[in-house]
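Note sheet for the following structure.
Just so it is clear, none of the values below were taken in a lab; they were calculated from the coordinates. What you are looking at is a predicted structure, and each value in this text was computed from that prediction instead of being measured. Because the Cβ atoms are built from the backbone with ideal geometry, glycine has one as well, and the counts that use them run over all protein chains shown.
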Protein chains: 2
Amino acid sequence: MYRLDSSDGDFAARFEDLLGSKREASQEVGDAVAAIIAAVADRGDGALIDYTARFDRLTLTPEGLRFSAAEIAEAGRAVPQAVTDALRFAHDRIRAHHEKQKPSDHVYEDALGVTLGTLWSPVESVGLYVPGGTAAYPSSVLMNAVPAKVAGVERIAMVVPTPDGVVNPTVLAAASIAGITEIYRVGGAQAVAALAYGTQTIAPVAKIVGPGNAYVAAAKRQVFGRVGIDMIAGPSEVLVIADRSANPAWIAADLLAQAEHGGGAQSILLTTDSGIAEASIAEVERQLALLPRRDIAAAGWAEFGAVITVSSMDEAIALANRIASEHLELMVDRPRDLLPLIRNAGAIFLGHHTPEAIGDYVGGSNHVLPTARSARFASGLGVLDFMKRTSLLGCDPGSLAALADAAVTLAGTEGLDAHGRSVSIRLNR
Amino acid sequence: MYRLDSSDGDFAARFEDLLGSKREASQEVGDAVAAIIAAVADRGDGALIDYTARFDRLTLTPEGLRFSAAEIAEAGRAVPQAVTDALRFAHDRIRAHHEKQKPSDHVYEDALGVTLGTLWSPVESVGLYVPGGTAAYPSSVLMNAVPAKVAGVERIAMVVPTPDGVVNPTVLAAASIAGITEIYRVGGAQAVAALAYGTQTIAPVAKIVGPGNAYVAAAKRQVFGRVGIDMIAGPSEVLVIADRSANPAWIAADLLAQAEHGGGAQSILLTTDSGIAEASIAEVERQLALLPRRDIAAAGWAEFGAVITVSSMDEAIALANRIASEHLELMVDRPRDLLPLIRNAGAIFLGHHTPEAIGDYVGGSNHVLPTARSARFASGLGVLDFMKRTSLLGCDPGSLAALADAAVTLAGTEGLDAHGRSVSIRLNR
């Protein structure tokens, strides 16, 4: 665990260290992934089936690539009713919130009579990658699928690997609740390639979203341009800002909720109160003993955790803006007072009664958020990620005449005379 | 030139050919670029200066990397007044239109008492890449800089190579009109690396935008994740949909305005009227003779141009949606009637009096648009590209209690007990 105090002489350097710390083992998988993509683009289903046999130890036929409606329904019946109910509750709340994100077209005429505007339209088809094994989170299926549905995406093709044929029924149930019916039992770079290039069985999509391992991330990076992709997610992270009004036991519970993800997940506490700092550290140790995943959480806390004591709330906010955390909890007396000062954060959790886990599942906001300081330039997943803008321009003879001279002048200075001619040919001069 | 008729037996296959045609020589520059980025990340200014000597034949000192205020002012004085006036006119129109794109925060409380919301904030610092040499377009400086300024970006660092020390004064004048004062005379992958990693002289930025050659594109792809990037632009393209009301001479002028870009630029005419098709082809040949860049335009039209005759406007729109063109001109009698049918296009130009060139310069809409069919999933550049969303979630004890059971159930099904505990520890049960 990093233990920093902003009044220490070496604070600036140690904070830089913390910011620059690598939390993800970088795997050089680019060449292997390029070969997989080329094979799937070339041979389609055949390559997809070969890689699935090799990596997932699962023998498939082209007909067996897709889950049948009966298999999806059967998975739904295998899920306990309480879980199904919770998934529906989460789905409905996520849907209600995302409905409010739908943008409006805007078309207007300016003073010169020029029509200008922006038209929004949904992406027609989206591929949703869902990891298999221990990282299979039904909540993530909802978080990716619901904004796409709200945006009006007509076709969502989901891929989820089933290593050794083991299916996670809750993931299929979540997909079903979200209205997804097209699901393929493939994963890895080969599934990303199938979504991007299409195969005999899987029609290509226009955009691919969803989390995955290093192979999936590399595949998304390589197909970017041919299709759209979402952000490439790194390990999750939480930053808690606490003043003396905070409860150290609650702080510790939130730090540990992040640490239990493992895989480089990071929990940071920034506090103006050294008593809160010490008490929270002690609470982390105490609560660790209560956790089923205590080994993972303890290792993550030890390696990546940080507790930083600062002299003022202004200083805390300044550091938080540099950290640009995926999740930012404001466990302070008056959290809303801080909002105007916060410039970089994926999501903000207000006050003592809003643990991040509420947002992970049922708050209604999206839990797919920018990691690894990318909140400096990126946003969480939302409806806008599944739509695109088309701009609109319209002139009549009068407004064209009003714009023509400047356009012809600029075309001339750029050496593009045909551009200028395409304007002047329309003028009756 | 491709000449297709949708009633031909082999139309489907030939249209697929057209869609799949490669218009960009793919250069394998990834390894060279990776080495350049590593060197700049490691040695900073020293590497930047070495590469500039090697690629731009220009010897610089760290102090000479940045244009001085006097140099920028001097460049402004070297630009003819008519060009300065046209740049200002364009700037003000682009600014006025982009002001209308500014998003609003939205915070509300739902029926359970949960606070939900979206807060927008500008990216703090942006790097703007501007190509040197023949591809130096002052209009592109405006199109990239204005939305950043409108978004509220505090720092814009522009890079523009000056091979052999040759400066394009109009590019500097455009930057100055847009309010850019931080400009460095470097380019290529080394400039992208400097913006992403920072050097002793150039502070790093959070996002990099702007067009460039294959090295610049590869560098942007490689630094993506560390910083944000805009789309990677391919050759420009126009699709003209014309009915019998269109003027073949105007169609031809627009097709040639695109073809004169060279470098794989593509012009396509889709028409319901074979007379318009033939007359437009003849007009292209006639007007080619009038153009200073006739060799480039003729070669581009011959290699990548296409004229497609279709049997109905519905068919034209269906094909246009598959082409997903960067620019779509509707040279038809009632262009607005077609708008609800168009699903994929970067920008739409309405009616006979709206040549694309108006949008390239002074219409007010942005000319940085998705190419190579990426309008299926991407949008033109706008104010939103220089801002990011932070989501907001807030519970009080009552609303937390209303959400708690479902959250704990879902955490349990995902095996994340510490997530559940972070909720239940706050309940007085």
Along the dipole axis of the range A:326-372 (charges at Cβ: +1 for Lys and Arg, -1 for Asp and Glu; origin at the Cα centre), the most positive-end residue among A:Ser365, A:Pro340, A:Leu328 is A:Pro340
By the C-alpha gyration tensor axes a ≥ b ≥ c (rounded if a/c is under 1.5, else prolate when a/b exceeds b/c, else oblate), the shape of the range A:307-352 is rounded
With charges only on Cβ, +1 for K and R and -1 for D and E, what is the dipole size of the protein assembly as shown about its Cα centre, in debye, rounded to 20? 200 debye
Quick check for me: using +1 on Lys/Arg Cβ and -1 on Asp/Glu Cβ, what's the dipole size of the range A:279-358 about its Cα centre, in debye to the nearest 20? 120 debye
Computed Rg/Rh for the range A:234-376 (Cα atoms; Rh = Kirkwood radius) stands at 0.93
Among A:Ala219, A:Ala34, A:Ala289, whose mean-square fluctuation peaks in a Gaussian network model of chain A (Cα, cutoff 10 Å)? A:Ala289
Projected label distance in nm at B:Arg43 and A:Arg54, using a 7 Å step from Cα toward the beta-carbon: 4.0 nm
Looking at the protein assembly as shown only, what percent of DSSP beta bridges run antiparallel? Nearest 5 please. 25 percent
Of all DSSP beta bridges having both residues in chain B, the percent classed as antiparallel (nearest 5) is 25 percent
For peptide A:221-233, how many partner chain Cβ atoms fall within 10 Å of a residue's Cβ, on average? 3
Counting all Cα-Cα pairs in chain A, those more than 28 Å apart amount in percent to 58 percent
So what are the protein assembly as shown's ellipsoid semi-axes, whole angstrom, largest first, if each one is the square root of 5 times an eigenvalue of the alpha-carbon gyration tensor? 47, 33, 25
Suppose only helical runs count, i.e. DSSP H with n ≥ 4. What mean residue ellipticity at 222 nm does that imply for chain A under -39500 (n - 2.57) per run, divided by all residues and rounded to the nearest 500 deg cm²/dmol? -13500 deg cm²/dmol
Cα-based Lys proximity count in chain B, under 20 Å, for pairs eight or more positions apart or on separate chains: 10
Treating only the Cβ atoms of Lys and Arg (+1) and Asp and Glu (-1) as charged, compute the dipole magnitude of chain B about its Cα centre; round to the nearest 20 debye. 980 debye
Shape verdict for the range B:1-84, please, from the Cα gyration tensor: rounded (a/c under 1.5), prolate (a/b greater than b/c) or oblate. oblate
Within the range B:203-284, which trypsin sites (Lys or Arg not before Pro) sit in a loop by DSSP and count at most 14 neighbouring Cβ atoms inside 10 Å? B:Arg244
